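No lab work stands behind these numbers, since they all come straight from the coordinates. Quantities reported herein were computed from a predicted structural model and do not represent experimental measurements. Cβ placement follows ideal geometry from the backbone for every residue including glycine, while neighbour counts extend to all protein chains displayed.
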Amino acid sequence: ILTDNGATVVESKDWEKRRLAYEIQDFREGLYHIVNVEANDAVALNEFDRLSKINGDILRHMIVKVDA
């Protein structure tokens, strides 16, 4: 999704399985995955955000801008 929309994936790694701070949809644990992306515009991130909200396998997601 990200690369198809012009972004470059710098790093992608599984973080770990952790206990959630509170139960989400009857889940008490979740798998965390960290993706570091470079993009010239917000097109790829907006599409990722939109599809993440639709996908039932993704309980929560967060997009954070890192100052360079």
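Within segment 1-49, the only residue that satisfies the criterion of being closer than 15 Å to ARG60 by Cβ, among the small types (Gly, Ala, Ser) and in contact (Cβ under 8 Å) with a residue 24 or more places away in the chain is GLY30. If you filter segment 3-23 down to residues that are hydroxyl-bearing (Ser, Thr, Tyr) and in a strand (DSSP E or B), you find that the one that is farthest from PHE48 (Cα to Cα) is TYR22. If you filter segment 45-68 down to residues that are under 11 Å from the mean Cα position of the chain (by Cα) and of a type in the set (A, V, I, L, M), you find that the one that is surrounded by the fewest Cβ atoms within 10 Å (Cβ to Cβ) is VAL64. Taking segment 32-44 as the range and being assigned to a strand (DSSP E or B) and either surrounded by fewer than 12 Cβ atoms within 10 Å (Cβ to Cβ) or of a type outside the set (A, V, I, L, M) (or both) as the test, the residues that pass are TYR32, HIS33, ILE34, ASN36, GLU38. A residue that is β-branched (Val, Ile, Thr), surrounded by fewer than 10 Cβ atoms within 10 Å (Cβ to Cβ) and within 14 Å of the chain's Cα centre (by Cα) can be found somewhere in segment 10-18. Considering only residues of segment 14-68 that are of a type in the set (Asp, Glu) and in contact with a strand residue (DSSP E or B) (Cβ under 9 Å, 6 or more places away or on another chain), which is nearest to ILE1 (Cα to Cα)? This residue is GLU38.
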